[in-house]
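*Asks:* Dropping the structure in here first, questions after.
The values are calculated or read from the model by the stated rules, or taken from the named source; none is laboratory data. Every value quoted in this text rests on a predicted model; they were computed, and no experiment measured them. Neighbour counts are summed over all protein chains in view; Cβ atoms, including those assigned to glycine, are modelled from backbone coordinates with ideal geometry. For accessibility, only protein heavy atoms count, side chains too; no ligands or nucleic acids. Shrake-Rupley method; radii C 1.70, N 1.55, O 1.52, S 1.80 Å.
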Amino acid sequence: MNQDPILTADDDEDNGNSIFYRFAPFIQDFIYQNHWAALRGVQLAAAKTLFDTDHNLLITSSTASGKTEAAFFPILSQMWENPPQSVGVLYIAPLKSLINDQFYRMEELLEMSGIAVTHWHGDVAASHKNKLLQNPQGILQITPESLESMLMNRSNDIIRLFSDLRYVIIDEIHILTGTDRGNQIICQLCRLGRLIGHHPRRIGLSATVGDLSIAVNWLGAGSGRETDAPVVGGQKNRWRLGMEHFYIQNDHNDQTEGAMQHPEQPNPRAMLDAGFEYMYDCVKDKKCLIFSNSREETEYITATMRQIAEHRGEPDIFLIHHGNLSASIREEAEAKMKDEEVHAVTCATVTLELGIDIGRLERVVQSCAPHTVSSLLQRLGRSGRRGAPPEMMMVFREENPTPETPLPQLIPWELIRGIAIVQLYLEDHFIEPPSIKRMPFSLLFQQTLSILASSGELTPAALAQRVLSLPPFAHTSKEDYRQLMISMIRGEFLEMTEEKTLIVGLKGEKLTNNFRFYAVFKDQDVDYSVRCESDEIGTITSPPPVGDRFALAGHVWEVEELDLARKLVYVKQVKGKMEISWPGDYGEVNTRILEKMREVLCGDKDYPYLKPNARQRLDVARHVARNAGMGQHSLLSLGGMTWCLFPWLGTRSFRTLRKYIVRHAKEYKITNVEFEGCYYITFKMDDGVSDYAFIKGLCDHIRREGIDRLALVGQTEMPVFEKYDPYIPGELLRRAYAEDRLRTDEIERRMPEILEEYEEP
């Protein structure tokens, strides 16, 4: 080559050039053809680990910073120099759409390499998979569920397919670390390593890792290798951020006028809904995403955007993307968002939060606030690619308060949380650390059946050894596992043979023979497919009667026919807008966010990204909080016998404190305990008990006896949350709930602080 060598930004020849020349020639050509002026810091650091060590690697850098290239430039170079004799790289991603898309921008590079890439998940044709089975080579992209199926049903083929496997790449590890699905992957990799006789190197990719040490330990668990996690300084982030607030029932002329003053709304008009009209104008004539925190809200927003477009006589450019829609509808949205010539707006949930490359987006709109800093960063990072700064507008809608509205409901908690999340990252670069499960009994149940199904027959001791040696079950005692196995035998999930060995039982076979078994996350009882003529629309939980209507894919459908035996619902599209509800857990909020919320509400700092209505709403809330004394006291009288406690604790600690108060309610002479999210607890307290006496009683009791988490879980409770929890003995479930969903340390720190706010009478 006659081109000048590529240099890093600081012209570090020893680092940048030496790495560049170690890449395969086709990668060097790719870099030149794409006019790269320099390798990025993350790419240099990753190459150093992958070329010069045998360590695992955790790559953490911002969205669109070149993490995929950082991993694959060295890996492809090594595969080109020394081709593996089987599948050489296993790429695991949490979403089918991420697998379908991941190498989109690297297609040219992969074609130049001649290295085969195979997709493998439920939507991939059998003929495509058979090519890999006949000639295992190159890179295999797969979901955890498909890998589970492969380990169970093709155990005799594993060595042939993966004997020379060198790397396992796990994408978006921030949503996997410590979860059942992430721990399932760790189990799978350890099982795979046992079968092929070695543990391939692991590479984790993520834009948002809250605690490097936790992520490093999780990624390397059971691999027998060190894990490098280079911290690479990047350029300072620039954001374009705005927040605006609206009342849903808008009776205030000044609010409407404030909305109309937005530069993108030059022509005042009668509003259908001020907040949704504002949201519509934020995305008009742009390529954008509108994020919300639930599928039902996404459906409602999509329908409303289409309604506004029709009302204005403007084209319907709105698409929808969430997990209950058919693959064809999701793929249509992805394709149109990638098309540079198409102006399209997609309303989405977390399914488009992850690293799918959907081209250059001009803006992201967020309905209300995300629950975590990590989610904010992921969603914000969807926009601003290719040099432009990320841009997000958060829009908050709230019911009008009435004269009878009690104090805690006068606070715009969503708006305050949105500000707190932004400030936590801007001021402290805080991202939530992952929570590691110590008692993942649902996963334990599933892996027990999976390992036994792939083995055929094992003694109880051999089964226990294979299962309990997997890293996610390090805290599971032999006695707990014995109790689970006995329960599984009695429930006919396992069967004891005359030779005293274990095989999969009748009910176990029914589970393992269904493709849904491979997933450890809940199916949410989604069983009925919705079809309009020959088009598949998506899935719903239960079938409405013929003639009834429901919302899905941003449209309203009327049921024409039910085929209950085949679980099919035939519909026709009708005009209108409806709400739909799916069951679900919307995630946890970290205590740091609640602490920052108190600072926002009770402080006087100005936030430049607040638009006029949002700034006014914050001012009003601060006035209410100041008058009520929320900055000085955490326990406030709401009048009469009613009190309100603002503990400023995150979800787990708040839940623990609430349960503790309920358990000791009689002792403290309180009744009618109610709560809202993790923001406040209200209750009625006997006239003879003062605020100081109540708080001091709590503090003394906690200091003297501590908080017994297990005692807070009733003996008759069956805390079922995960997919296979219904099959777990109640005693184990209660212990898991106490261990993994309750937290005491933050309460033990907070309560003395609250006591100091009150003077002894």
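*Asks:* Taking 0.36 nm per residue of sequence separation and subtracting the Cα-Cα distance, how much length would be gained by fully extending the chain between GLU498 and HIS343, in nm to one decimal?
*Replies:* Additional length available on full extension: 49.1 nm.
*Asks:* With r as the distance between the Cβ atoms of GLU748 and TYR570 and R0 = 51 Å, compute the FRET efficiency 1/(1 + (r/R0)^6) and round to 0.05.
*Replies:* After rounding to 0.05, the efficiency reads 0.35.
*Asks:* Using 1/(1 + (r/R0)^6) with R0 = 56 angstrom and r between the beta carbons of SER18 and ASP428, what's the FRET efficiency to the nearest 0.05?
*Replies:* 0.95
*Asks:* Taking +1 at the Cβ of each Lys and Arg and -1 at the Cβ of each Asp and Glu, which of GLY688, VAL504, ILE728 sits farthest along the dipole of the chain towards its positive end, judged by Cα position relative to the Cα centre?
*Replies:* VAL504
*Asks:* Follow-up question, since we're still on this one. Could you work out how much longer the chain between LEU710 and ARG438 gets when fully extended? Use 0.36 nm per residue separation minus the Cα distance between them, nm to one decimal.
*Replies:* 96.5 nm
*Asks:* For GLU81 and GLU560, FRET efficiency with R0 = 56 Å and r from the beta-carbon atoms, rounded to 0.05?
*Replies:* The formula returns an efficiency of 0.40 here.
*Asks:* Continuing with this model, one more query. Treating only the Cβ atoms of Lys and Arg (+1) and Asp and Glu (-1) as charged, compute the dipole magnitude of the chain about its Cα centre; round to the nearest 20 debye.
*Replies:* Dipole about the Cα centre, nearest 20: 1200 debye.
*Asks:* Quick check on region 475-521: take the gyration tensor over C-alpha atoms, sort the square-rooted eigenvalues as a ≥ b ≥ c, and tell me if it's rounded (a/c under 1.5), prolate or oblate.
*Replies:* It comes out oblate by the Cα gyration axes.
*Asks:* Here's something else I'd like to know. What whole-number value in Å² describes the accessible area per residue of the chain for a 1.4 Å probe?
*Replies:* Solvent-accessible surface per residue comes out at 43 Å².
*Asks:* Rounded to the nearest 500, what is the 222 nm mean residue ellipticity of the chain from helices alone, with -39500 (n - 2.57) per DSSP H run of 4+ residues and division by all residues?
*Replies:* That comes out to -12000 deg cm²/dmol.
*Asks:* Which of the peptides 717-727, 134-144 is most tightly packed, and how do the rest follow, going by the mean number of other Cβ atoms within 10 Å of each residue?
*Replies:* In descending order of packing, they fall as 134-144, 717-727.
*Asks:* Seen from all sides and averaged, what is the projected area of the convex hull of the Cα atoms in region 74-162, in nm²?
*Replies:* 5.8 nm²
*Asks:* OK, next. Per residue, how much space in cubic angstrom lies within the convex hull of the C-alpha atoms of the chain?
*Replies:* In the chain, the Cα convex hull volume per residue is 190 Å³.
*Asks:* For region 387-536, just say rounded, prolate or oblate: build the C-alpha gyration tensor, square-root its eigenvalues into a ≥ b ≥ c, call rounded for a/c under 1.5, and beyond that prolate if a/b exceeds b/c, oblate if not.
*Replies:* prolate
*Asks:* I've got another one for you. How much of the DSSP beta bridge set in the chain is antiparallel, as a percent to the nearest 5?
*Replies:* 40 percent
*Asks:* Using unit Cβ charges (K, R positive; D, E negative) and no other charged atoms, how large, in debye to the nearest 20, is the dipole of region 619-741 about its Cα centre?
*Replies:* About 160 debye.
*Asks:* Moving to a separate point now. Stokes-Einstein D for region 448-571 at 4 °C, 1.567 mPa s, Kirkwood Rh over Cα pairs, in µm²/s?
*Replies:* Approximately 74 µm²/s, per Stokes-Einstein.
*Asks:* For region 560-674, which whole-number percentage of the solvent-accessible area (1.4 Å probe, protein heavy atoms only) is attributable to carbon and sulfur atoms?
*Replies:* 48 percent
*Asks:* Starting at the first residue of region 154-168, write each ³J(HN,Hα) from the Karplus equation 6.51 cos²θ - 1.76 cosθ + 1.60 with θ = phi - 60°, in whole Hz, x for Gly and Pro.
*Replies:* For region 154-168, the Karplus curve yields 10, 4, 6, 9, 4, 4, 4, 6, 10, 4, 10, 5, 10, 9, 10 Hz.
*Asks:* If you stretched the chain out fully between GLU111 and ARG160, how much longer would it get, using 0.36 nm times the residue separation minus the C-alpha to C-alpha distance?
*Replies:* 15.1 nm
*Asks:* If you wrap a convex hull around the alpha carbons of region 280-387, what volume per residue comes out, as a whole number of Å³?
*Replies:* For region 280-387, the hull spanned by Cα atoms encloses 99 Å³ per residue.
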